[in-house]
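Have a look at the structure below, then the notes.
The values are calculated or read from the model by the stated rules, or taken from the named source; none is laboratory data. Here the structure is a predicted model, which is why all the values come from computation and not from measurement. Please note: Cβ atoms are built from the backbone with ideal geometry, for glycine as well, and neighbour counts cover all protein chains shown.
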There are 2 protein chains.
Amino acid sequence: MSSKAVFYHAGCPVCVSAEQQVLDLVDRSRIELEVVHFAKNKARIAEAEKAGVKSVPALVVDGNVMHINFGASMEDVKKAVA
Amino acid sequence: MSSKAVFYHAGCPVCVSAEQQVLDLVDRSRIELEVVHFAKNKARIAEAEKAGVKSVPALVVDGNVMHINFGASMEDVKKAVA
């Protein structure tokens, strides 16, 4: 099965570390992985929240949210990029 | 680079869901993935705590801990398997 995964982050140290780990782990031959940096793409915040993202970094795979460690809450992300 | 990853869990619903996602995501051709269920292997609890695991489910990759969502704290795990 081919899947789509989106890694959402906000550039925080915890995010950057998790991003590297996710990039290393994911089987890119089967999974299309997109990285979204909220500070560079504010318009994607609503989409992430709708998917259930409560904090960053988070990886959404086929609609399932994996919150990976804790960098910042979505509330703090929204304040930071406002 | 070939890596070693260990997924630690305690059989909780959040753990089981995350386990399935991790099994689906990880590139098994490059990464050796071991799944450790604490209730079935209490002896591995100390090892996980030493690696920095604070809650389950967690994935430790080459010494780096990724806490994935939140199922239970390690304190609760220890009480449950005592």
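On the basis of being modelled with pLDDT of 95 or more and at the interface with chain A (Cβ under 9 Å from one of its Cβ atoms), does B:Asn69 make the cut? It is true that B:Asn69 is modelled with pLDDT of 95 or more and at the interface with chain A (Cβ under 9 Å from one of its Cβ atoms). For the residues A:Ala18, A:Ala5, A:Ala48, A:Ala39, the requirement of being more than 20 Å from B:Val61 (Cα to Cα) and outside any loop (DSSP other than H, G, I, E, B) singles out A:Ala48.
In the set (1) touching a residue at least 12 places away in the same chain (Cβ under 8 Å); (2) within 14 Å of chain B (Cβ to nearest Cβ); (3) in contact with a helix residue (DSSP H, G or I) (Cβ under 8 Å, 6 or more places away or on another chain), the condition left unmet by A:Glu19 is number (3). Does the range B:22-65 hold any residues that are surrounded by 14 or more Cβ atoms within 10 Å (Cβ to Cβ), within 11 Å of chain A (Cβ to nearest Cβ) and touching a residue at least 40 places away in the same chain (Cβ under 8 Å), and which are they? B:Val22, B:Pro57, B:Ala58, B:Leu59, B:Val60, B:Val61 - these are the residues of the range B:22-65 that are surrounded by 14 or more Cβ atoms within 10 Å (Cβ to Cβ), within 11 Å of chain A (Cβ to nearest Cβ) and touching a residue at least 40 places away in the same chain (Cβ under 8 Å). Looking at A:Val53, is it assigned to a strand (DSSP E or B), under 23 Å from B:Val60 (Cα atoms) and touching a Phe, Trp or Tyr at 6+ places or on another chain (Cβ under 7 Å)? For A:Val53, the condition - assigned to a strand (DSSP E or B), under 23 Å from B:Val60 (Cα atoms) and touching a Phe, Trp or Tyr at 6+ places or on another chain (Cβ under 7 Å) - is not met.
Among the conditions (1) in contact with a Lys or Arg (Cβ under 6 Å, 6 or more places away or on another chain); (2) part of a loop (DSSP other than H, G, I, E, B), A:Ser29 misses just one, which is (1).
Of the residues in the range A:6-20, none is loosely packed, with under 12 Cβ neighbours inside 10 Å and small (Gly, Ala, Ser).
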